[in-house]
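> Would you mind keeping the following structure in view while I ask a few things?
No lab work stands behind these numbers, since they all come straight from the coordinates. The shown structure was predicted, so the numbers you read here are calculated from the model rather than taken from an experiment. Using ideal geometry, Cβ is built from the backbone for each residue, glycine included, and neighbour counts are taken over all protein chains shown.
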């Protein structure tokens, strides 16, 4: 009986710890987003970094935007690409269109129209409203620069 009680106590304490961590992460994310919106990019980068390292896709997306534009961090297309890929790999739709643009223009990567086409297609299929429409339009514009074999 004592072992069962200890096991239940251990499980409950672990669940409570996870819950507290989730609440803390949500508060940190909100604080980071507010800093970003106020233009306090260095502070936002400091707050987003640990969340992104823990795998939070929205924090990864903010960091990739910041590295792409040099807001609060050194402008670095390669680092931006890393964060875009991590967020997109989790199904976070925001970076998918951005990845299409990076591959289309060769920013931080070798220019690759096939990958650009793929990312625009994914973004168009998953982004709601104008974002999805814009991604599909970019994808369709790419086809004029691609061979039939590249499109298939």
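> So if each residue of separation counts as 0.36 nm, and I subtract the Cα-Cα distance between residue 71 and residue 105, what length gain in nm does that give?
The residue 71-residue 105 span can extend by a further 10.2 nm.
> Place the peptides 53-61, 107-115 in order of packing, highest mean first, counting for every residue the other Cβ atoms within 10 Å and averaging per peptide.
53-61, 107-115
> Let me ask something else about it. Report the normalised scattering of region 56-152 as log10 I(q)/I(0) at q = 0.12, 0.14, 0.23 Å⁻¹, calculated by the Debye formula with identical scatterers on the alpha carbons.
Log10 of I(q)/I(0), two decimals: -0.36, -0.48, -1.14.
> Sort 117, 48 so that the residue with the fewest other Cβ atoms within 10 Å of its own Cβ comes first and the one with the most comes last.
Ascending Cβ contact count within 10 Å gives the list 117, 48.
> Looking only at region 115-141, which residues have a backbone nitrogen under 14 Å from a spot 7 Å from the Cα of residue 151 in the C-beta direction?
Counting only backbone N, you get 117-118, 137-141.
> Here's something else I'd like to know. Once you place label points 7 Å from the Cα toward the Cβ at residue 53 and residue 115, how far apart are they in nm?
The modelled label-to-label distance comes out at 2.6 nm.
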